[in-house]
Each structure stands twice: as C-alpha cells, then as structure tokens.
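Working notes, beginning with the structure itself.
Computed from the coordinates by the stated procedures, all read-outs in this text should not be read as laboratory data. Everything numeric here is computed off the predicted structure, so don't read it as measured data. Cβ placement follows ideal geometry from the backbone for every residue including glycine, while neighbour counts extend to all protein chains displayed.
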Ligand code: HEC
C-alpha cells in the first residue's frame, strides 16, 4: 500500500516536470489571484473594492509594448504600490491606494503574468468605454 502511495507521489511529480515554464506560471498566477487578490479585484466589472482585472489588464496593454515590460512594471507596483506610478491615477482617488501584500518576488511575477493575459480588447480600459460608440450613435 505504501509503495502505491510513493508511486503515485512520484508520478505526480514526474508528470509535473514536462510542463512548460509559462504554463506553470499561468496556473500559479491564477491560484495566487484567487487567494490574495480576488477579495478586492473582480475579474470583470462591476468592481468590488478595486478596479476589475480585465480593464486593468487592458490599460497595461495600452501602456506597454511587451508582456515582459508590463509584468515587470506590475510586479514592481505590487511590491511597493505608489500613487505616482498607478496606470490609472483616478482609480487611486476612487478606491484608495492598493496595500502591499506579503508575496514573494516569484509570486508577484507569476500573478502579474496571469493578470497580463486577462487582456480583452473588446472591453476597453475602464473609463471611456463606449465613448467611441456614443460618438458614432450621435452622428
Ligand atoms: C485590499 C484590497 C486589494 C487587494 C487584496 C489587492 N488589490 Fe490590487 N488594487 C487595489 C486597489 C484599491 C487598486 C487601485 C488603486 C491603485 O492603483 O493603487 C488596486 C490596483 C491594482 C493594480 C493596478 C496597478 C497600477 O499599475 O496602477 C494591479 C495590477 C493590481 N491591483 C493587482 C493586484 C494583484 C495581482 C493582487 C493580488 C496579488 C491585488 N491587486 C490585491 C486593492 C487591492
């Protein structure tokens, strides 16, 4: 019986190995989000006590050319939130500054990578959503 257990543990570990780095990070990122972020951040509007993930991710995509840059910026923000560095300064006035969370550097990077991937170009970047459509309708 014990051997079966060992075999099982071993095969679980072994089967985890071929996972590419990126896949592993995405999975971790989501778990970290559920644990440490979802209390304040919903994925889609309406907001809880912070801007929802998708519009924030869209802002990051507008501001940064590459995932690498966006993730680095977000990880630095998570480490030390700074109102002068917020991608959406109005969110700080509306919700207050985000608190620093007790995460490791690796966790901050993993959750930032997951966050970046939540980008949805059809949703816009928060305020100003639908502005273009309204203009069209008023024609
Ligand atoms: C206690 C509530 C709270 C928790 C928990 C929280 N946040 Fe936030 N977060 C906020 C608020 C409020 C803002 C908006 C004001 C600001 O930008 O600081 C924000 C803003 C952000 C931003 C925008 C930063 C920028 O560059 O402007 C990101 C990205 C973010 N949060 C990610 C996360 C992640 C990832 C987690 C989990 C690891 C998390 N938040 C957990 C409250 C929270």
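Place the peptides 63-74, 112-123 in order of packing, highest mean first, counting for every residue the other Cβ atoms within 10 Å and averaging per peptide. Show your work: numbers first, answer last.
Working: 63-74: 15.5, 112-123: 17.7.
Peptide ranking by packing, descending: 112-123, 63-74.
Using C-alpha pairs under 8 Å with a sequence gap of at least 6, the mean separation divided by the residue count of the stretch 20-123 gives a relative contact order of 39 percent.
With all pairs of different C-alpha atoms in the average, the Kirkwood value for the hydrodynamic radius of the stretch 20-123 is 13.7 Å.
Neighbour counts of other C-beta atoms within 10 Å: give me 43, 32 arranged from fewest to most. All intermediate terms of the calculation are to be shown ahead of the outcome.
Details: 43 12, 32 22.
Ascending Cβ contact count within 10 Å gives the list 43, 32.
The gain in end-to-end length when the residue 90 to residue 34 segment is fully stretched comes to 17.7 nm, 0.36 nm per residue minus the alpha carbon separation. Listing 109, 79 from fewest to most neighbouring C-beta atoms within 10 Å gives 79, 109.
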